[in-house]
Amino acid sequence: MSSHTRNQYFAGLGANIISISYGGFVGWASASFLELDSLIGDNGGWIGSMLCVGGFLGTIFFTWFADKFGRKRCLVLHALPGLLGWLIIPFATTPLSLCASRFLGGFSGGGTFSIIPIYTAELSDDKIRGTLGTFLVLFCNFGVLLAFVLGNYLSCRLVAWILLSLPVLFLLVMSFVPESPSYLANKNDLKGAERSLCYFRNVPYKSLETLPQIKLELQSLVDRSSQPVTNLKKPQPSIMDFVEPRARKALIIGIILMAINQFSGCFVMLNYTATIFKQAGSNLPPNESAIVVGVIQLLGSYASTLLVERAGRKVLLIVSALGTSAGLICLGGYMWLDNGNSSSWIPVASFSFIIFIGCWGVITLPFIVVAEIMPPKVRSLGCMLCMLSLWTYSFFLLKFMGFFTQIIGMHGLMFAFSACSFMGAVFIGVFVPETKGKSVEEILNNL
């Protein structure tokens, strides 16, 4: 990390503290539902899926808010429902209160996955944009693991009190970072954009006369705006803006990347961790099995952080999709052929490999690529539409997983996920542009 990028890393790390909180909401359910079984009753499905409902609505609200009032204000605001969601849990006495907590956690998560990729893409240099982008899922997976570990040793209500500190810490850190320069330039606040650029490039504002590259970068931001700098109010982006070929292609790619993210099966399979380890003959308790998977997730996400600026987004996505497909075939084949005599290490190894290789690309990188390929004018709206598709896919799979398992069996579902991952790899190879180290103009020209 050079002095030139120090403040960019600080902002990227600080913004993603709230990602740990959202990961905590995801992991808290797995670690705590057994403890709260008498309180939850038959409402576990609804309580679990409320995270997706909140995420869907949070995506709409916070995307509108970020365009209207700015990325930084949106980030500060979206920590509040997460804070309230953790605060409800220690006092929860009914399934409805747990639903409210999960909804608020998901509502905050909608802002996390919609705004943080945009904010980090707009403040970072081309050379480190991918690395900062991987922090989102890396920190989220750390939050999942943190909830697993804490839930294994502490009561679920005490865990909520501990994780409540994360939104508070996030609010403190975000008070030190400015608005993104791209947003300020798009709003014709050129002085504010200059100061923001100087902060993120670690340049004293008074030395602008000797650093013409700051002026050039600012001019580039202005040129990307939807119209020349005037005193007129710029029109708000609308769905009609996607008539433009590059914007339309970016939106289609983004929606399909979100489908690959979900229909690779990685996220849904995490809900069946204990079942798969049990089939493997593992003696580990469910919570300890979840910790093992959490560690694997974190290692895979960290590998993505190390490789994304070396191998590139496209290569990692293809390798990840093909690897996930192969792992799912092995896991599905074991479930189909198992007659009680198979080696018990096969599903454990397959499951671990699927999660690890999935975190290399299909779980981690779609959020980065979507923020990078969207034209600046429609970036917020395009990312919102892609995230809405993600929450819809996630809710559908979580809600109807049991139904599909009854029809085609768990092995059939693994084969279906494998086919989706393979087709995803083909799609990425043909249609998704490489964005590593490229400017916005270069990326758009390749669409």
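The values are calculated or read from the model by the stated rules, or taken from the named source; none is laboratory data. All of these numbers come straight from a predicted model, not from anything done at the bench. Heads up, the Cβs are rebuilt from the backbone with ideal geometry, glycines too, and the neighbour counts pull from every protein chain shown. Ligands, DNA and RNA are excluded from the accessible area calculation, which covers all protein heavy atoms including side chains. Shrake-Rupley method; radii C 1.70, N 1.55, O 1.52, S 1.80 Å.
Counting alpha carbon pairs within less than 8 Å and at least 6 residues apart, what relative contact order, in whole percent, applies to the chain? Write down the numbers at each step before the final one.
Numbers: 722 pairs, mean separation 100.3, N = 447.
Relative contact order here is 22 percent.
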Item checked: Dipole of the chain, positive end: most advanced residue of M384, M423, L257 [Cβ charges, Cα centre] -> M384
Margin query: Using Cα-Cα distances under 8 Å and only pairs 6 or more residues apart, what relative contact order does segment 293-403 have, in percent?
Written below: 34
Check: In Å and whole numbers, how far do the C-alpha atoms of segment 64-148 stretch along each principal axis, longest first?
Finding: 49, 33, 13
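Over segment 1-177, what relative contact order in percent results from Cα pairs under 8 Å that are six or more residues apart?
Values: 263 pairs, mean separation 73.4, N = 177.
Relative contact order of segment 1-177: 41 percent.
When the accessible area of the chain is split by element with a 1.4 Å probe, what percent falls to carbon and sulfur? Mind dumping the intermediate values first?
Working: 12400 of 18240 Å².
In the chain, the share of accessible area belonging to carbon and sulfur is 68 percent.
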Check: Picking from Y302, Y119, Y205, which is most flexible by a Gaussian network model of the chain using Cα springs under 10 Å?
Finding: Y205
Checklist line | segment 240-446, Cα convex hull volume normalised per residue, Å³ | finding: 115
Margin query: Placing one identical point scatterer on every Cα of segment 58-211 and ignoring solvent, what is log10 I(q)/I(0) from the Debye formula at q = 0.13, 0.20 Å⁻¹?
Written below: -0.69, -1.29
Note to self: Whole angstrom only: what separates the Cα centroid of segment 349-406 from the Cα centroid of segment 130-171?
What the structure shows: 20
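Using DSSP H assignments, which helices in the chain have an axial alpha-carbon span of 20 Å or above and a mean Kyte-Doolittle hydropathy of -0.5 or higher?
The qualifying helices are 17-32, 44-69, 71-88, 95-123, 129-153, 245-263, 286-307, 313-337, 345-360, 379-431.
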